[in-house]
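Everything on this sheet refers to the single structure shown next.
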Amino acid sequence: QVQLVESGGGLVQPGGSLRLSCAASGSIFSFYAMGWYRQAPGKQREVVARILSGGTTNYADSVKGRFTISRDNAENMVYLQMNSLKPDDTAIYYCNAYRPPQNFWGQGTQVTVSS
């Protein structure tokens, strides 16, 4: 089992920045691929960024060049640095830990981008 707790969400103006954090506990963190997903009202949950156990990253086209995912295996933490935020980035952001067949989710943190 892996428990995930997100933090760092909030209200920010367009063009601003936020840093999301995800604290993981339980199983061996470094074995898991970690990811950030988001779900806006009325829309399906979508992947934002993922980082594999070896450090390889991939991003949704909509956030490339603006968001950066990172992980600290020693501290069991995953981060999402979000810059140049847009109103379309407004959503609940979820942390995910994946190691087939296991798939774990955090409770989510709200990000609102509005002036």
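Structure values in brief
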| read-out | value |
| --- | --- |
| For the chain: relative contact order, % (alpha-carbon pairs under 8 angstrom, 6 or more apart) | 37 |
| Net charge of Cβ neighbours under 15 Å - reference G108; Lys, Arg +1; Asp, Glu -1 | 0 |
| 20 Å tail of the calculated P(r), the stretch 1-114, as % of Cα pairs | 34 |
| Accessible surface of the chain, 1.4 Å probe, proportion on carbon and sulfur as whole % | 48 |
| Gained length - S84 relative to E46, 0.36 nm times residue gap less alpha-carbon distance | 11.7 nm |
| Restricting the stretch 6-61 to trypsin sites (Lys or Arg not before Pro) in coil, as DSSP defines it, with at most 11 other Cβ within 10 Å | K43 |
| Average accessible surface area per residue within the chain, 1.4 Å rolling probe, Å² | 52 |
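The values are calculated or read from the model by the stated rules, or taken from the named source; none is laboratory data. Model, not experiment: these values are computed from the prediction. No Cβ is skipped: glycine too gets one built from the backbone with ideal geometry, and neighbour counts run over all protein chains shown. Note: areas computed on protein heavy atoms with side chains; ligands, DNA, RNA excluded. Shrake-Rupley method; radii C 1.70, N 1.55, O 1.52, S 1.80 Å.
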